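The values are calculated or read from the model by the stated rules, or taken from the named source; none is laboratory data. Please read these numbers as outputs of a predicted model, since none were measured by experiment. Positions of Cβ are generated from backbone atoms using ideal geometry, with glycine treated the same way; all protein chains shown enter the neighbour counts.
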Amino acid sequence: MPAPAVHRTSHRIEVAAPAGVVYGFIADAERWPLFCAPNVYVEQLDLEGPEQRLRMWALNSDGMTSWVTRRTLDPASCRIEFRHEAGPGAMQGMHGVWNVEPLPGGSSALTLVREFAAADDRLPAHPLDDAVIRRHMADLKRHTESRPVLDELILTVEHAVRVDGPAELVYGFLYRAGAWTGGIPGLKEVRLDEDVPGIQRVRTTAEGAEQSRAVRLCFPGAGLIVYSLTEPPALIAGQAGEWSVEPDPTGVSVRVRHQVVLNARNVARVLGEDADLSDARRHVRETITRDSAALLRLARRHAEDAAGALGLPVPGMS
């Protein structure tokens with residue numbers, strides 16, 4: 001039986017930023033869901049010296065795909081080699097390299113080369129999804145080129161509450177996003193679609209008819225829900241985060257973390273000609289803080305009321 005043919009793809013883009021800056025974005029894969037929309041979640045499994053092992057979830061033209069990759073980081077050469085340990089069955093031995101080369105004038109050339117064999121010698125659609133690769137690299141280019149003001153564009157919002165009720169009830173409420181409508185100020189509608197258990201597409205409509213879309217990955221065994229916005233509202237260029245439900249002998253801690261990259265180009269259009277980036281930071285932070293706190297209050301009330309109605313014992317009390 002002949003060996004499957006090896007296929008090779010190559011993508012290149014020039015970036016108006018130093019090679020070290022571009023390399024840093026490639027190396028920090030755990031933040032890709034915030035900066036690069038096709039990526040939904042990246043979990044670091046192992047890290048030993050220059051060797052890094054990650055589980056990655058990303059969207060492509062066929063839906064959600066997940067794989068484990070091992071990467072070798074070489075900051076001196078601005079080069080990262082990778083090889084997939086597990087992934088879609090149609091691919092065999094996917095491996096490749098990210099390479100950043102300095103160009104005259106302080107710019108860089110970013111190249112992604114991939115090689116793999118295809119089962120039955122048929123090319124699967126998802127590893128050759130050029131539109132996804134182009135969007136990923138374009139996002140990297142945009143954010144690295146905005147590095148002088150990037151710290152001003154990024155903000156983080158975190159909340160935590162204690163709940164006197166079972167973790168399962170809290171997690172169940174957060175899982176059923178369609179039940180949130182009516183309890184969060186400014187939130188007009190939430191639509192949830194879940195064709196595959198644990199993979200959710202959520203569309204929210206705020207007052208004023210502004211919409212956003214997100215993908216959520218749900219891990220009930222870990223008490224974790226992660227998300228990434230695929231279509232953010234006008235003031236946001238990227239957003240990702242997670243909810244975690246952590247039981248202990250005295251109750252349940254519910255924590256939420258949102259990370260946001262602002263879209264500076266839309267500040268004047270949304271907030272008025274006199275608005276600046278500080279106004280956008282304040283507006284987005286206040287909105288997310290308000291809505292996030294309201295959601296956690298709803299989750300706590302739901303769990304505690306349901307526990308009381310069912311006559312369930314409250315953790316830490318007898």
* Output the number of residues of region 24-41 satisfying the condition of being closer than 20 Å to Arg201 by Cα and touching a strand residue (DSSP E or B) at 6+ places or on another chain (Cβ under 7 Å). => 9
* **Matching helices (runs of 4 or more DSSP H) fully within region 119-199 where at least 2 residues are over 19 Å from the mean Cα position of the chain (by Cα), surrounded by 15 or more Cβ atoms within 10 Å (Cβ to Cβ) and modelled with pLDDT of 90 or more** => 167-175
* Could you give me the residue pairs with C-beta distances under 8 Å whose first residue belongs to region 245-268 and is farther than 22 Å from Arg147 by Cβ, whose second residue is surrounded by 18 or more Cβ atoms within 10 Å (Cβ to Cβ) and of a type in the set (Phe, Trp, Tyr) wherever it lies, and which are 6+ apart or on separate chains? => Val245/Tyr171; Val254/Trp243; Arg255/Trp243; Val256/Trp243
* Kindly establish whether Gly63 is in contact with a Phe, Trp or Tyr (Cβ under 6 Å, 6 or more places away or on another chain) and modelled with pLDDT under 95. => no
* Asked: Ser244: modelled with pLDDT of 95 or more and polar (S, T, N, Q), yes or no?
  -> yes
* Asked: Within region 239-250, which residues are surrounded by fewer than 16 Cβ atoms within 10 Å (Cβ to Cβ) and part of a strand (DSSP E or B)?
  -> Glu246, Asp248
* Selected residue (criterion: surrounded by the most Cβ atoms within 10 Å (Cβ to Cβ)) from residues of region 24-67 that are assigned to a strand (DSSP E or B) and charged (D, E, K, R) -> Glu43
* Which residues, counting only those in region 255-275, are over 20 Å from Asp291 (Cα atoms) and part of a helix (DSSP H, G or I)? -> Ala264, Arg265, Asn266, Val267, Ala268, Arg269
* **Residues within region 36-50 that are in contact with a Ser or Thr (Cβ under 6 Å, 6 or more places away or on another chain) and free of Cβ contacts under 8 Å to residues at least 40 places away in the same chain, tallied** => 1
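So that you can scan it fast, the table gives a plain yes or no per residue for (1) outside the structural domain of Leu169 (by TED's automatic domain parsing); (2) crowded, with 20+ Cβ neighbours inside 10 Å; (3) in contact with a strand residue (DSSP E or B) (Cβ under 6 Å, 6 or more places away or on another chain); (4) of a type in the set (Val, Ile, Thr):
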position: Val252; (1), (2), (3), (4): no, yes, yes, yes
position: His258; (1), (2), (3), (4): no, yes, yes, no
position: Asn263; (1), (2), (3), (4): no, no, yes, no
position: Ala268; (1), (2), (3), (4): no, no, no, no
position: Arg282; (1), (2), (3), (4): no, no, no, no
* Applying the selection to region 287-318, what residues are exposed (fewer than 15 other Cβ atoms within 10 Å of the Cβ), modelled with pLDDT of 75 or more and more than 21 Å from the chain's Cα centre (by Cα)? -> Arg290, Arg297, Arg301, Asp305
